[in-house]
Each structure stands twice: as C-alpha cells, then as structure tokens.
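Report on one structure; see the data block that follows.
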Amino acid sequence: MKFDLNALNEEQLAPVLDTEGAILVTAGAGSGKTRLLTHRIAYLIEKGVSPYEILAITFTNKAAGEMAERIMQMTDAGEYVWVSTFHAMCARILRRYAPFLGYTQSFSIYAESEKEKLIALAAAEVSDGDDDLKKQASYHISNAKGLGLSPDEYKIDFGYVSNIENICSVYALYENKLKENNAMDFDDLLLKTKKLLIECKEAFDYYTDKFRYIHVDEFQDTNTIQYELIKLLAFKHRNVLAVGDEDQCIYGWRGANILNITNFIKDFNCKIYKLEQNYRSTKKILDLANKLISHNTSRLEKKLWTDNESGPDVQTYIGNGDGDEADFVVQTIYSLHSMGYALSDMAVLMRINALTRPFEQRFMQYGIAHKVYGGFKFYDRKEIKDLLAYFRILSNHYDNEAITRVINFPKRGIGQSTVSALMNEALMGKRSLYDVIMDVDGTALSNAAKNKVKSFATVIECLERQKGQLALDDLMRYLVRLLDLKTLYAEKNEENDSRRANISELISSIKEYTSANPGASLDDYMQTVTLWSDLDDAPLLDSVNIATVHSAKGLEFRVVFIVGMEDGIFPISRAESNAELEEERRLFYVAITRAKERLFITRARSRYMYGQIKEAIASRFLSEVDLERKQERRRSVERRFSDERDFNETPQQSTHSQYYRNDNVPKKQNDGNGFYVGETIRHKKFGLGKIISMSGSGISLSAVIEFDGYGKMNIAVAYAPITHAE
C-alpha cells in the first residue's frame, strides 16, 4: 500500500478507522476532507474490502477525476472503485437496465441545448402565441424533476403558480417527446434511476448488494432526489459516509437542500465527527469566519482552528464610489506584487457579476493581466450584447448581424423563416435589410408576420427620434423602458438578479464615458466600447482572478479581495426570509475562507445601481463581525476622492518603489521624468495617445491622455504601462 495513516490528524483518522454504519463528517473549510475520503477508501481496500463494492460520489467531473487519481496513487486496486458524479453514476446504472424503463441501452442524453429545443416544440403545441411559456416551462420542468414530481403531482403541489395548467401540459408533452426520441435529459438520469430502483427488484437487489460502502462528498449540495437515491442504494448495508459542511451550503437557489444533513442524522441514526482544524488560512482570517457564521442557527456547532500563524489583520476600505473602490484594489495589487506575490495568487470576489466591470476596465488601463473565472467578461454577456446591438443599429443601419440578433429580443414571435423572407426581399429589391423592415408593409409577408416585424420597427423608430435629443445614458434607459426589461426580468431569481444588475452597470458605464468625454457621439461610444471588448486579453498563467463567490467555491488564493460589501448586493436584495439571509451569510463565509494569507474587504459609499446613484449602506454582515466601525476609522484617514469617480480617474498613489518579475504588469514604475504635455506616448493596451495635461509630480504625477478611439483617460503615470512613442 502507498498510503500512510500517519499523514492524518486525529480528527481525520477517527472516521477513517470507523468503517461500519452511517457516519456524518461535518468538515470545515480547508480541513482536509478529500484527504479523509481517499484514505478511508484505501484503508477499506487494505482491510480486504473489494474495490468493486465501494462507491464514491461527488458533484463535478473535475472533483471525481482528482479523487479517482488520488485513490489510484494510494492503492493498486483503486481503478476498480466507482468514483463518479451523481449523473455519471446514474447513466451507468441506466445503460444496464434501460429496457426495463422502455428505452434501448443506446438511449441519448440531451444536453441543455437539445432540451431547450424540445421544450420549445412542446410549448408551441400547447400555446403557439405565448412566448413566455417556454421559459416558464423550462424552469418548472427542472424544478419538478429535482423534486421527483410527475406533471400531475407538480400541478397539485404548485397549483398556485400562474399558468400552471399550460406549464404542466408542456411538461407532459416534453416527456412524451423525450420517450419518442429514446432520450433522457440530465434531470431524467436521476429521476429514472430512482424509478428503476423502486420498481425493478432485479436492479434494486443488484446495486444494494453491490455497494457495501458508499461515500458522498459535498453532501450539503445534495438535492431531494439525490438524497433519496443515497437512501435507496444504502438500504441493505447502511454503510454511508457523508462528508459536507452545512456552513458552505450556498446552492439553495438551484435545489440544494440543507435539511438533507439533519434528515440524514435522523434517517440513519448516524455518528457525527467534526473536522475543525483548518490547514488553509491564518488565525485572523478564521477568527473572522467563525464570528460571522456563529450568527446562523441552521448549523451544527463547530469552530475552525489552525496551527498556522496569526497573519496580518483583515484590512477594510470604503471608497466614495465603485471607481474609488477599484482604485484601491489596483494600488494594493501593485504593492503586493512588489512584495513577491504572483498575480495568480490574488482573487477579486463579488456577490454579483455586474461588479466585474470597473475592475476589468481598471486592470486593462493599468496593464494588469486578469481573467474572469467561471463566466463571461462584462461586454460578452448576452443582455449587454443585446442592448448594444440596438445601439449598433442606430449607429449603422447596414449592420445586419445586429438586426438579426435582436429582431426577436425580447420575444416578438419573429422566427427564422420570417427573417429569411425579409433578407430575401432585401436581396431581390437591392435594398438594405433595415429599409425592408422599416417599410415592411411593402413586402409579401403575411399580415401576422408584418405586425410582428412592425413591433420591432417601432422600437427603432422611437430610438431614432430620441437619438441626439437624449444623453447616451438616458437613451439607454429609454431603450430599457421600451423593451420593458423590468417586466422581462421581474421574477426574483439568481439569473434575473444578475441580468438586472448588468444592465444597470451598462448604463453607469455609459454615463462615466460621456462624463469623461463630453460631446462624444453615439458613433464615438460604439467605437470605444467595441475596442474595449476586443482588446487582446489572451489567457495568461499569471493573472488576477475575478470571480463571483459561487464560482470560487472550492478554490483558494493567497490574497482575496471581497468587494461590494453593501446591503442589497451582499446580502442580495431579494434575501428577505431568515433562511435566505442565512444562505447569504454562508456565501460570505465561503468568500472569507478562500483566503490563505491576506484578506481585504471593501465597499463604496455610493453606487450606481438600477438607474440612479444611491447612497450605499454597509452590509449588515460587517457589523456582525465588528468590521463596519473599523472601515469608518480607516476611511477617515484616507485622502478624499470626488463623488463622481469614473473608470478614467487616477488610483491612489503608493510610496513603494516597485519592480516586477514578468510582463503582466509594468516592469517598473515611471517617475514622470521625460513626459511632457503634447507628447505622443504608447500604452501597452490602447496604443498611441497624446498627453493633454499633467498634474502633480514624482510618484504623484498624473496625466490626461487622449487615445484614438478610446477617448480621454486620467492616468497615474507611476502605474500605467506607457512609454515614449519614439
């Protein structure tokens, strides 16, 4: 054997040696739960348990692959252990017994795109004119399957939902179409496996005999149907080791049921072990995490501790606005990089992805390599691209890609056949697609199709009338009202929260652009935003990570910035019940425990959100950990900034002389010597620019530089990657 039980601490060793019966290991962040799981499986094999009788379930393919690899390194028989995700396990079971359920063993598994197409067909059959039905049905079908409910059962339990009759009709029709196609979706893999184990005695006997020892990782993330599968598979031997942390249950919005932990304790009368020693973070970071999570009541009592050093204090900062907040992060990254931290050691974490924009733009402006982890960069997000497509049409009537992108956004019932007919009319009449749409009555389309196209043309006509009359940010607000996006994204859920915030941030960015570039036209703005979004940001090994907290779960960084710590953002505004607030608190706990050595927590005094600049109130979580007063004291000695900071303004100046180890940030600070007003300089990202004015001196020197296509930027010369053009 290639493993050593001496590598485990006493907390980890106890559940490894306790192999019989049901066990819950409540494992704090960074406490070595994966090490425990892999050593326990290797120990079982050493004891003589057949690897074919061991099952290990986790949630991602990456986690399953890493666990399997560790087990194979520890024992020669490791390759025979079933290590998989829930969905992969179920697919493997169903391949063997598919004929019992009326499928062939070669059944297809539909990914999200195939699923959505089939739901769209079913929705069209139920109600051809209801464009919202497909979206409603898609959500409720997944919800129903996560709860293990048939269409009839779901209609009874969710009878209060608007349009539930049609939704469940689509659900039933969708199920029939899947069966006709000999196909299952991802939710079906779980649901059909449960059905198989309940109704097929042969399958039930085979798998309950086979799996003598079951291990479940990330148990706090299981949903109702996944827990029911565990109970079925463990029916005979009841040897289940569940490892999880209720303090990190942050996926309630997608079905994770925190009650599964208490249900497991009750259903299996299990033993409970706690992993409280943390190997990741400093004492001061853990003290903050413990103080925060103690305010939750839906948890098993535990307190993380560590033999690591105390580490530096958790630092806090309040900016006057989001640009000010981003400036502080830029300054701190420069300082830390000069101390030897790699850029990849650092992460900027936030509750909602709309907050990425000022950081993306600051990092590009100051030449800091970065990547948005687990998501799209701001200008690549669908709702942003859709709204900017309308502006592209106003700027360029010949932009057919923009027209075809949004002619049916929001849904107007304009399908591909209508678009093809319009393009054919344009081709035959040697006219632009834009002209054909604006004069659709002169086409051969049916009256019904004409009316749908007219609804799109009316939006364009309204925008054309306001173009030049309204400021650009007001024009975007007007467009949002025309499209009634407030209603479209009204339902309170994680996706809509993100989209509404992204739209608000887009309007804010337009206002910032026009403030920095008075008199700029729509054409100027569209050129600038296109250049910003097309900047060459090839992935680099050494780059700062920007991520939502949800995306960062399971990761760790030497340095973490948690930004936007304001009520309405973190916790999110829709968190009203105690259960929802406890999940938000767990999310903040997860963010804190991503940090190994240094933690910075920031917020802004005011923020542009949902159409207006509002005073931002400190997150209630800050007062729970006694950080709100510390922030106020720290901010009182910081130099003041204007309330109208934007992404073109200067970051705080550092007194450090900084030298860098790679090309992802400037190799050394400029001291300002040799730059002069009127000079043409070269920026690493923005190319050639002309210095319009300069102020300050030495390390505090800043310059207003006008870049071709990007407009004017007020840049701290000490930080900017600029050189003389000659």
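Measuring max minus min along each principal axis, the C-alpha atoms of the stretch 255-302 give extents of 38, 21, 19 Å (largest first). Restricting the calculation to Cα atoms, every distinct pair contributes to the Kirkwood radius of the stretch 431-576, found to be 19.4 Å. Only sites in a loop by DSSP and with at most 10 other Cβ atoms within 10 Å count here; which chymotrypsin sites (Phe, Trp or Tyr not before Pro) in the stretch 355-463 make the cut? Qualifying residues, ordered by number: none. Of the chymotrypsin sites (Phe, Trp or Tyr not before Pro) in the stretch 62-109, not one is in a loop by DSSP (not H, G, I, E or B) with at most 11 other beta carbons within 10 Å. Note that the chain presents 42 Å² accessible area per residue, ligands and nucleic acids not counted, probe 1.4 Å.
Under the criterion of Cα pairs below 8 Å and six or more residues apart, the relative contact order for the stretch 278-414 equals 14 percent. Taking a Cβ cut-off of under 10 Å around Met72, the surrounding Lys, Arg, Asp and Glu residues balance to a net charge of -1, with basic ones at +1 and acidic ones at -1. Once you reduce the stretch 195-245 and the stretch 1-48 to the center of their Cα atoms, the two points are 20 Å from each other.
The value of relative contact order for the chain, using C-alpha pairs under 8 Å at least six residues apart, is 15 percent. Spin-label model, Ala7/Met428: points 7 Å from Cα along the beta carbon direction are separated by 7.3 nm.
Extent of the stretch 432-484 along its three principal axes (Cα atoms, max minus min coordinate, largest first): 38, 23, 13 Å. Where the alpha-carbon atoms of the stretch 1-143 are placed on the principal axes, they occupy 67, 36, 26 Å, in descending order. The calculated pair-distance distribution of the stretch 356-504 uses every alpha carbon pair, bins of 10 angstrom beginning at 0, and gives 10, 35, 31, 18, 6, 1 percent. Pairs from the table (Lys511/Lys690; Lys192/Lys231; Lys371/Lys712; Lys210/Lys271; Lys210/Lys303; Lys283/Lys492) lying more than 27 angstrom apart at Cα are Lys210/Lys303; Lys283/Lys492.
Quick one, which of (i) 59, 29, 21; (ii) 46, 39, 22; (iii) 73, 28, 23 is the actual semi-axes √(5λ) of the Cα gyration tensor in Å calculated for this model? Correct label is (ii). Put simply, the C-alpha atoms of the stretch 125-210 give a gyration tensor, and the ellipsoid matching it has half-axes of 29, 14, 9 Å, longest first. A dipole drawn for the chain from +1 and -1 charges on Cβ atoms has a positive end, and of Leu24, Met74, Met423 the residue lying farthest that way is Met74. About its Cα centre, the stretch 281-398 has a charge dipole of approximately 440 debye under the convention of +1 per Lys or Arg Cβ and -1 per Asp or Glu Cβ, with nothing else charged.
Using alpha carbons only, the radius of gyration of the stretch 141-262 set against its Kirkwood radius gives Rg/Rh = 1.01. Note on the chain: with charges restricted to the Cβ of Lys and Arg (+1) and Asp and Glu (-1), its dipole about the Cα centre is near 580 debye.
Within the accessible surface of the chain, defined with a 1.4 Å probe on protein heavy atoms only, the carbon and sulfur portion equals 49 percent. Over all Cα atoms in the stretch 1-46, the spread is summed up by Rg and Dmax: 10.2, 29 Å. The residue list Asn451, Ala547, Ser504 was ranked by how far each Cα lies along the charge dipole of the chain toward its positive end, using unit charges on Cβ atoms, and Ala547 comes out on top.
Among the trypsin sites (Lys or Arg not before Pro) found in the stretch 134-176, not one is both in a DSSP coil and sparsely packed, with 10 or fewer other Cβ atoms within 10 Å of its Cβ. Across the options Leu355, Ser395, Asn290, the greatest Cα extent toward the positive end of the charge dipole of the stretch 282-420 (unit charges at beta carbon of Lys, Arg, Asp, Glu) belongs to Ser395. Taking every DSSP helix (H) stretch of at least 4 residues in the chain, weighting each as -39,500 (n - 2.57) and dividing the sum by the residue count yields a mean residue ellipticity at 222 nm of -14000 deg cm²/dmol. The Cα trace of the stretch 49-105 gives Rg and Dmax of 13.1, 41 Å, the first to one decimal, the second as a whole number. Between the stretch 581-602 and the stretch 89-137, the alpha-carbon centres lie 38 Å apart. The distance between label points at Leu688 and Gln105 comes to 6.9 nm (points 7 Å beyond Cα on the Cα→Cβ vector). Summarising the amide proton neighbourhood of Ile562: residues at separation of 5 or more, or on other chains, whose placed amide H is nearer than 5 Å comprise Leu349, Phe600, Ile601, Thr602. Rg ratio for the stretch 64-152: its Cα radius of gyration over 2.2 N^0.38 Å, N being its residue count, equals 1.54. Pairs Lys194/Lys274; Lys117/Lys194; Lys553/Lys614; Lys135/Lys382; Lys385/Lys450: which exceed 19 Å Cα-Cα? Beyond 19 Å between Cα atoms: Lys194/Lys274; Lys117/Lys194; Lys553/Lys614; Lys385/Lys450. A viscosity of 1.567 mPa s and a temperature of 4 °C, combined with the Kirkwood radius over C-alpha pairs in the Stokes-Einstein formula, give the stretch 223-319 a diffusion coefficient of 81 µm²/s.
The values are calculated or read from the model by the stated rules, or taken from the named source; none is laboratory data. Bear in mind that the values here come from a model prediction, so they are computed numbers and not experimental data. For neighbour counting, all protein chains shown are included, and Cβ atoms are generated from backbone atoms with ideal geometry for every residue, glycine included. Accessible surface areas use protein heavy atoms only, side chains included; no ligands, DNA or RNA. Shrake-Rupley method; radii C 1.70, N 1.55, O 1.52, S 1.80 Å.
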